[in-house]
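Here, each number is a calculation from the coordinates, and none is a lab measurement. Not measured: the values here are computed from a predicted model. No Cβ is skipped: glycine too gets one built from the backbone with ideal geometry, and neighbour counts run over all protein chains shown.
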Amino acid sequence: MLSADPAALEAHCSYLTSGTALVLCLQRPNAVKKLIDLLGPEDPKLAQAQDPFLWRAQYGTSAVQNGFYGSKSYQIAVRDMKLFFPEGLCCAECQTVEEEEVGFCPFLRSILLCQSSAFGPAIP
């Protein structure tokens, strides 16, 4: 797990921010679990063994360069949303996210950060 190894976590963050990145906020019931289920294990080889259609299985090349970051909990997703969307989100339902809402919000949110190089070269 990347979070257990500070050097690997630093390398992963450097990779994700090394070029153009796409940041999305997923809003749906059980968003964090659904996103983690779609991404699969951080190591693409493990993801491939589990299910070749998992996103990290398809686009990752190593545990560090696995193509994606996904919030691992609702509390972390709230922190991530405030970091990536300091002006708030687009709809009234999403405008105010308070730490106190953790556990009480009807729609759990999750952040997905994709490194665009994982999908091949950019089209000019």
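The table for this structure:
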{"item": "Surrounding net charge for Val64, when Lys and Arg each add one and Asp and Glu each subtract one, Cβ distance under 10 Å", "result": "-4"}
{"item": "Extended-chain gain in nm, criterion 0.36 nm per residue less alpha-carbon gap, Phe53 and Thr17", "result": "10.5 nm"}
{"item": "All lysines inside 19 Å of Lys33 as judged from Cα atoms, apart from same-chain residues fewer than 8 positions distant", "result": "Lys72"}
{"item": "Karplus 3J(HN,Hα) series, Hz, for region 78-86 with 6.51 cos²θ - 1.76 cosθ + 1.60 (x for Gly, Pro)", "result": "4, 4, 5, 4, 5, 6, 7, 10, x"}
{"item": "Neighbourhood charge, 13 Å Cβ-Cβ cut-off, centred on Asp51 and excluding it, Lys, Arg +1 and Asp, Glu -1", "result": "+1"}
{"item": "Inter-probe distance in nm under a simple model that places probes 7 Å from Cα toward Cβ, at Phe85 and Lys72", "result": "2.3"}
